1. With a 1.4 Å probe and every protein chain kept in, tell me what percent of the accessible surface of the range 208-274 is carbon plus sulfur.
2. Looking only at Cα atoms, what is the convex hull volume of the chain per residue, in Å³?
3. Helix-only estimate, please: 222 nm mean residue ellipticity of the chain, summing -39500 (n - 2.57) across DSSP H runs of length 4 or more and dividing by its residues, to the nearest 500.
4. Using the Karplus curve 6.51 cos²θ - 1.76 cosθ + 1.60 with θ = phi - 60°, work out ³J(HN,Hα) for each residue of the range 470-484 in order, rounded to whole Hz, and write x for Gly and Pro.
5. Thinking of the range 145-196 as a set of Cα atoms, what percent of all their pairs are more than 18 Å apart?
6. Ignoring solvent entirely, what values of log10 I(q)/I(0) come out of the Debye formula for the range 21-62 at 0.16, 0.18, 0.33 Å⁻¹ when each Cα is a single scatterer?
7. Each residue of the range 146-157 in order: what ³J(HN,Hα) in whole Hz does its phi give by Karplus 6.51 cos²θ - 1.76 cosθ + 1.60, θ = phi - 60°, with x for Gly and Pro?
8. When the convex hull of the C-alpha atoms of the range 283-364 is computed, what volume per residue in Å³ does it have?
Amino acid sequence: MRAPPRPAAPAPPGPVVLAVGAAAALVVLLLVLVVLRLPWAGDLGMHAATVQRLRHSLVAPGDPLVDADVPSPYHSPWMLVLGCVARVSDLSVFVVLRLGAFAALGLLLTGVWRYVRTLSGHRAAPALALLSLLLLWGTALFSWSGFHGLNSLALTVSYPSVFTLGLAFHLWAWLGRAARGDAGLGGWLGLGVLWAVILLCHQFVGVVASLGAVATVVAARPGRRAWLRLGAGAAAGLGVLLLWPYYDFFALLGSEAGLEAVHRPLYDDLPGRYWLVLLGVVALGARWRLDHWDPLVLFFALGVTVVAAGGLSGHYSWGRALPAALIPAQLAAALETVEAGRRALRAGWACVLGAALALGAWTQAGTLGYVVDPRDLPAAVAEKHRRPWPGYHWLTPWVRYGDVVMARPGRPARQIPAYGAYTVAPGYPDFFLPDEAARERAVRRWFAPGTPERERAEILRTYEVRWVVAGPDAHHPDLREVIRGPEGQVLYRVLR
């Protein structure tokens, strides 16, 4: 009997595939080096403070920023894992955040690879998709949690939003196969649980994940059995959301009003921030002509609808759904390069996309300053670099875990809790804190120039303040200067 023929060895990758893969590898290497440096900007202090609280109490961690026994939406499944790592290993919170960032980056890369593989079998597609996701934005630099541009990702890679976005890509890849009939009831239940975990870890990325999931299922046009199993999976997910013990997920639905002013900037300068994505919109048009049920087209339509509705109605927090419009357009731009019908069309599209990626890379070139001393960069690149915030390590020899610090709003209130202390007022909006407004008034009164010394002393007693971080002119009989820090800041001990 003749032996079956051996399968032919796959053809070696061509120079274009190798070049695209090398470019993607360099970008990933840059992000790995950024994780090692862990530049501080934005919400890093909030997440470090959350790990601090979970490290000291897994059962009742309380508010991450102020000394109050209230629930917090920051106590998510992912932060619970990092809190357990910190508790068991006794590693520094910032080391734990680096480990979490490596895990999140790996999850995001594998998620992109898996999801793109459901859309194209071309060898270059995953690497080209990654480059498009990171670089195909605009020429006005923009960074925000949950937004996946290269510079934004460099500053937020240790945030739960990046981990959650990685889970979202895995959800879409798994869901696509399940909707086409490749999963039993157990698989659908697992998908429901994964969807709930995504929503618990980062609610705004959870909205993006949900829109992508709807598009994936509708595009697959599953049969009646799949719809019934989808319902069972959704019920399982809702059960997880209801049973999560650290905060009431559904209470967040009524807290939107306080977010609108914070998110109003999401609608500023949309052309400057995203005009390169128009290339992907053209690619989506080509996909729509071939298939009106294309998942990327449906995903984009849902994202644009939510964002437009938010802008028109004044619900500016809905602008956090922008990645639901950006991701499908960016992926479509990458896939058109390898899937356009005629070879000449693919070559032309590759040239246009290559130029757009180069322009996007130049816009975000300042990211290099997070791994290289900005003084060693060319002046044109150094100008694009945004300096990270200095930390408050200089407080740690005196300020202990659980001490309450009177600090000004802004960076001091956002950073000091990362080292284990509490502030009088939270540095971020806190919807589960019933006396948030009173705390903010107390801080304003304490730092106001004309506030009587007796009132200041009463505020310090009310909130059991042990330390004050202020300028060198904070003269008060209850304060004693301990150490001077950067930017003219002084740590004062409260005398009792």
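1. Heavy-atom surface of the range 208-274 belonging to carbon and sulfur, 1.4 Å probe: 67 percent.
2. Taking the convex hull of the Cα positions in the chain, it is 190 Å³ per residue.
3. -18000 deg cm²/dmol
4. Calculated HN-Hα couplings, in order: 8, x, x, 9, 7, 7, 7, x, 8, 10, 10, 5, 10, 7, 9 Hz.
5. 42 percent
6. Debye output, listed in q order: -0.60, -0.66, -1.00.
7. x, 9, 9, x, 4, 5, 5, 5, 4, 8, 10, 4
8. 96 Å³
The values are calculated or read from the model by the stated rules, or taken from the named source; none is laboratory data. Keep in mind it's a predicted model, so treat the numbers as computed, not measured. As a convention, Cβ positions derive from the backbone with ideal geometry for all residues, glycine included, and neighbour counts pool all protein chains shown. For the accessible areas, the whole protein counts, side chains as well, though only heavy atoms, and no ligand, DNA or RNA atoms are used. Shrake-Rupley method; radii C 1.70, N 1.55, O 1.52, S 1.80 Å.
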